[in-house]
Amino acid sequence: MVLGLVHARFGLSAPARRRSAMARQARIACEELGPAFIKLGQLASVRPDLFSAEVVFELEKLQDSIPPVGAEHIRTCIRSEFGRDPEDLFDAFEDVPVASASIAQVHRARLKAEYRPVLGDTLAAGTLLAIKVVRPGVRASIDADVELARVWLRRMPRMGILARVDLEAFLGEFEATLRSETDLRNEARVAERFAFDVRDDELVMVPRVVWARTTRRVLTMEFVEGWRLTELTDAERDGVDARALAVHGADVFMRQVLVLGRYHADLHPANLFVTPDSRICYLDFGIVGTTLPAQRIAIAQVLAATVYGDADRAVKYSRELGLVIAHEQEAAVRDRVATLMKRTLRRPGQRADVRGFAIGFLSMLADFKIAVPVGYGLLIKALVTVEGVAQAIYPGIDITQTVRPFATRLIAQEMLRPARLYAKAPEMLRAAMRVLSE
Amino acid sequence: MDNDDFMRFMASWALVHETADEGWKAAVERGSAQPEGDMAVGPEAFVDGLSALIAEEKERLKVSLASDQGEPAGSRADVAGHLDELTFEVSELRGRLESMQASLDALLDRSGDTGT
């Protein structure tokens with residue numbers, strides 16, 4: 001690590017290479033420092049507005065997976081939350097967890113009596129459940145870990161790293177995120193809202209919540225049989241319509257961002273399942289991004305410009321999304337974007353590389369010292385993740401081909417909206433309309 | 001293009017040209033004064049009647065534009081959307097109440113109280 005820091009400090013490599021070396025060291029440091037720092041790194045990995053592209057894409061490799069705590073601790077927690085033993089609440093509670101992360105671990109059980117969920121049909125008695133339980137002592141360890149992180153991160157500006165980051169604010173956000181994650185009712189509510197948004201989509205499923213068995217520290221949901229995208233093998237891909245699912249997954253994301261205004265901003269191949277009946281199942285709703293109506297059309301324009309390789313349009317509408325580009329920088333920025341598009345998105349005979357484009361784009365903004373608005377950064381990161389997810393389902397997919405018709409259709413709809421036609425009509429026509437309406 | 005679309009198209013056209021076309025205004029006036037069924041009397045009556053119908057559609061278009069909605073407020077789709085949203089919110093609230101009840105029961109058990 002020291003060698004990496006020295007290398008970075010004294011500028012022995014080009015800026016991007018230096019940033020890459022630093023990013024690798026940051027990832028290794030997070031892994032060595034333990035679960036809280038892994039969470040910290042994961043939070044940083046969705047904030048390209050604060051950290052360099054190299055750091056953001058390196059830290060997304062962090063996996064939040066740690067050894068489980070013993071079943072007796074989990075049983076104590078359930079007893080404390082409900083005043084009853086797991087056997088009184090569930091059938092066939094399994095002591096061996098199926099997943100274990102820094103905040104909580106998941107055990108399986110079966111529903112004791114039928115239950116009417118918020119959405120969809122009644123869950124029958126005997127339905128397989130996933131019981132997510134917050135690990136004991138997590139709140140206390142968060143306090144200690146945040147304090148440690150504060151000491152650790154305060155050293156960073158002195159080394160010339162992260163100069164543009166407000167570390168206190170970032171740590172405050174980190175603390176709030178961790179605290180929110182320890183109240184599992186928050187996740188339950190976000191999951192229900194997500195399920196409501198996609199209620200008409202037969203290819204998407206979200207496990208339903210059993211609220212009567214959910215409290216601050218216990219979340220009970222349907223257990224989904226299937227394969228995590230990280231575990232999907234060729235044989236399993238053959239058994240489902242992988243290409244259609246990959247395209248549909250990208251479509252769902254577009255709909256969330258551009259139509260609904262709420263999107264799963266913590267997508268990761270480990271957070272997604274493919275079910276044997278060819279559906280995509282979403283899990284873990286930790287980070288939710290939002291888009292305002294006024295932003296959506298600008299986002300659609302940026303996406304369309306990106307997939308059609310139109311640098312002028314990309315720069316113009318990025319401004320509408322809050323990117324501040326000085327007049328004297330504009331020509332140079334446009335040239336860099338055009339070159340980048342040619343190199344990553346419009347390669348003859350090759351699939352578009354959205355991830356490569358995003359890294360290059362964010363690096364370019366860093367080089368020009370152009371600040372990245374929070375929502376804009378989150379969106380870029382999410383789009384890259386969607387590409388990764390779609391390719392995990394169907395490796396041959398070109399995400400730009402999916403985005404293209406969706407963005408084009410949305411822009412066309414927006415252009416033909418009566419209110420917009422009115423706004424764009426010549427002043428003389430508007431005057432006539434005002435006279436007529438009086 | 002079905003009849004509704006055609007009428008809407010003509011209404012849009014009328015909206016654009018109305019102020020400059022006194023002849024059009026006169027045709028609308030004559031058409032509005034027409035007794036029901038007179039539209040079929042002859043070509044002139046047909047044009048007057050059609051002008052009046054288009055003028056009515058134009059008024060609806062103005063209301064739609066003024067409300068900044070593609071669809072008039074209170075339409076069936078609008079109500080269905082709100083109903084869906086409200087049903088979901090009530091169901092979600094029921095879920096959260098169940099969760100709170102579970103926590104309350106546990107606390108009451110611990111305190112030795114049976115609650116209400």
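Rule-based calculations on the coordinates, nothing more; no lab input. Computed from a prediction, not measured in an experiment: that's the story for all the values here. Quick reminder, even Gly has a Cβ in these numbers, built from the backbone with ideal geometry, and neighbours come from all protein chains shown.
When the Cα centres of region A:349-368 and region A:58-93 are compared, how far apart do they sit, in Å? Result: 41 Å between the Cα centres. Spin-label model, residue A:334 to residue B:62: label points 7 Å out along the Cα-to-beta-carbon direction sit 4.3 nm apart.
Stretched out fully, how many nm does the piece from residue A:241 to residue A:147 gain, at 0.36 nm a residue minus the Cα gap? Before the final figure, lay out each step's value.
Working: separation 94, 0.36 × 94 = 33.84 nm, distance 4.81 nm.
Stretched fully, the residue A:241-residue A:147 segment lengthens by 29.0 nm.
Distance between the modelled labels on residue A:28 and residue A:278, one decimal in nanometres: 4.6 nm (7 Å Cα→Cβ projection).
Residues of region A:90-110 with the amide nitrogen closer than 14 Å to a label point 7 Å from the Cα of residue B:105, along Cα-to-Cβ, please. It comes to A:90-91, nothing else. Within straight-line reach of residue A:39, meaning a Cα separation under 20 Å, sit the following lysines at least 8 residues removed in sequence or on another chain: A:61, A:132, A:381.
Using the Cβ of residue A:60 as centre and a radius below 12 Å, the other residues enclosed give a net charge of +1, where K and R count +1 and D and E count -1.
If you rank B:84, A:398 by fewest surrounding Cβ atoms within 10 Å, what's the result? All intermediate terms of the calculation are to be shown ahead of the outcome.
Values: B:84 13, A:398 18.
Arranged by neighbour count, lowest to highest, B:84, A:398 become B:84, A:398.
PRE reach from residue B:97 (point 7 Å along Cα→Cβ): which of region A:216-234 fall under 17 Å by backbone N? Hits in region A:216-234 for residue B:97 at 17 Å: none. Placing unit charges on the Cβ atoms of the charged side chains and taking the dipole of chain A about its Cα centre, the candidate lying farthest along the positive direction among A:389, A:83, A:403 is A:403. Taking Cβ atoms as reference points and 15 Å as the exclusive limit, the residues near residue A:403 contribute a net charge of +3, counting Lys and Arg as +1 and Asp and Glu as -1.
Modelled spin labels at residue A:201 and residue A:404, positioned 7 Å past Cα toward Cβ, are 2.2 nm from each other. The C-alpha atoms of chain A define a longest principal axis, and helix A:330-344 lies at about 60 degrees to it. Compared with the dominant principal axis of the Cα atoms in chain A, helix A:35-44 is inclined by about 20°.
The residues A:336, B:94, when put in order of fewest to most other Cβ atoms within 10 Å, stand as B:94, A:336. Mind pulling the angle between the C-alpha long axis of helix A:374-393 and the longest principal axis of chain A? Nearest 10 degrees, somewhere in 0 to 90. So the helix axis and the longest Cα principal axis differ by about 70 degrees.
Residue exposure proxy: B:46, A:51, ordered by other Cβ atoms within 10 angstrom of their Cβ from fewest to most, comes out as B:46, A:51. Going by a ≥ b ≥ c, the root eigenvalues of the Cα gyration tensor, does region A:246-306 fall in the rounded group (a/c under 1.5), the prolate group (a/b larger than b/c) or the oblate group? Note, shape of region A:246-306 comes out prolate.
Full extension of the chain between residue A:343 and residue A:64 yields a length gain of 97.0 nm, computed as 0.36 nm times the residue separation minus the alpha carbon distance.
Among rounded, prolate and oblate, which fits chain A when a ≥ b ≥ c are the square roots of the eigenvalues of its C-alpha gyration tensor, a/c under 1.5 means rounded, and a/b larger than b/c means prolate?
Details: a/c = 1.82, a/b = 1.26, b/c = 1.45.
Oblate, since a/c reaches 1.5 and b/c is not below a/b.
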